[in-house]
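Please read the structure below before turning to the comments.
Taken together, the values in this text are just the output of simple stated rules run on the coordinates, not laboratory data. Remember, predicted model here, so these are calculated numbers, not experimental data. Here the Cβ positions follow ideal geometry from the backbone for every residue, glycine too, while neighbour counts run over all protein chains shown.
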Amino acid sequence: MSIEYLVEKYSKLVYKICYDMLKNSQDAEDITQEVYINLYSNFNRYSDLSENELKNIICKIALNKCKDIFKSKAKKLENMTTDNVLLLENYIDNNDIEEEIIKLENKEIIDRLISSLKDPYRKILYYYYIEEYSLDEIAEKMNVTKGTLKMQVYRGKNILKEKLESFKGGKLL
């Protein structure tokens, strides 16, 4: 089993674990990369393990790295001085959060557009884009073949694309 296979198969799961714990997409992406760097560095130690055992190790590494982030943030808050607080306030004042608001609005629009689709496209695109399930996971959950699912994802994407194009008058960027 190759590291590329593991990255492709479990990166959405690792990201979901990290995001659920950290509630920050950037930190979740960083930790996801760190997990696979750690796995790659020690891959020869895991050569005799089954795929399920490797999956457990990958998840455990992700959880531990998230815990490290929490410890690090707690320690930073503990060591904050008045100067640090002023620097932080200055940073917040000088960094416009408008971009984050626009991203949230766009996500809400996409959520609404997906919700407006008819089944099975609504469920499939929700699982695929919002919940970030793999095609295999969706096929199993919905009890359909992967080939059927791929076709439905393709058709659903086209329908969603048409809805997005007709939404050009909105704030979607």
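Values computed for the structure shown
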read-out	value
FRET efficiency estimate (nearest 0.05) - Cβ-Cβ, R155 to S116, R0 25 angstrom	0.95
Stretchable slack from K60 to S166, in nm (0.36 nm times residue separation minus alpha-carbon distance)	33.7 nm
Across K23/K163; K9/K161; K23/K67; K12/K141; K118/K157; K55/K107, pairs whose alpha-carbon gap is larger than 20 Å	K23/K163; K9/K161; K55/K107
Positive minus negative residues near I31 (Lys, Arg vs Asp, Glu; Cβ under 10 Å)	-4
Packing-based ranking, highest mean first, of 117-124, 20-27 given that Cβ atoms within 10 Å are counted	117-124, 20-27
Label-point gap, in nm, between K9 and E131 - each point 7 angstrom along Cα→Cβ	2.1
